[in-house]
Amino acid sequence: MRSTILLLTLAAGIGAPAQELCGTIADRCEKHITTQYIPDGQFYRALLQGDEQAEFNLTLFGGTTYRVAACSGDTDGILVFSVVDKDDHVLFTNRDQGNAPYWDLAVTNTIDVKVEASLDPSKAGSGCAVMLIGFKK
């Protein structure tokens, strides 16, 4: 059975080493939000172990192209993420794209979505998950 956690920022009780680790991952992940995109100003972070899954709730506005960047570990391709609508239909998953560290989503109509993130079990057993969102200028 898959356990689920919902975190939008690191809890204050997490120690400095974990914050440093997440900071390093966030710095690497931030490079995927190129100058063509304006960051939304949030760093979505979660500490994951095993089959845990983080969920980040977002509203995507129609007529906008978003870049979702998702990173974990020392290299790209460790974090699996999916964009799911309110009826749990998968609109996109990077699992079908070799765990690509970012993806551009063109949104026609405003929609509330959930981004689900988990570690690829063949690549990591635990770690910090970082997700960034930017919208095209």
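Taking 0.36 nm per residue of separation and subtracting the current Cα-Cα distance, fully stretching the chain between residue 61 and residue 110 would add 17.2 nm. What the pair-distance distribution of the chain shows, using all Cα-Cα distances binned every 5 Å from zero, is 2, 11, 21, 25, 22, 12, 6, 1, 0 percent. Share of antiparallel DSSP beta bridges in the chain, in percent to the nearest 5? The antiparallel fraction comes to roughly 95 percent. Structural descriptor for the chain: relative contact order 37 percent, calculated from alpha carbon pairs under 8 angstrom and at least 6 residues apart.
The charge dipole of the range 4-136, taken about the Cα centre with unit charges on the Cβ atoms of Lys, Arg (+1) and Asp, Glu (-1), comes to about 280 debye, rounded to the nearest 20.
Bear in mind these aren't lab numbers, they're just calculated from the coordinates by the rules spelled out. Only a predicted model underlies this, so the values are computations on that prediction, with no experimental measurement involved. Methodologically, a virtual Cβ is constructed for each residue, glycine included, from the backbone with ideal geometry; neighbour enumeration extends over all protein chains shown.
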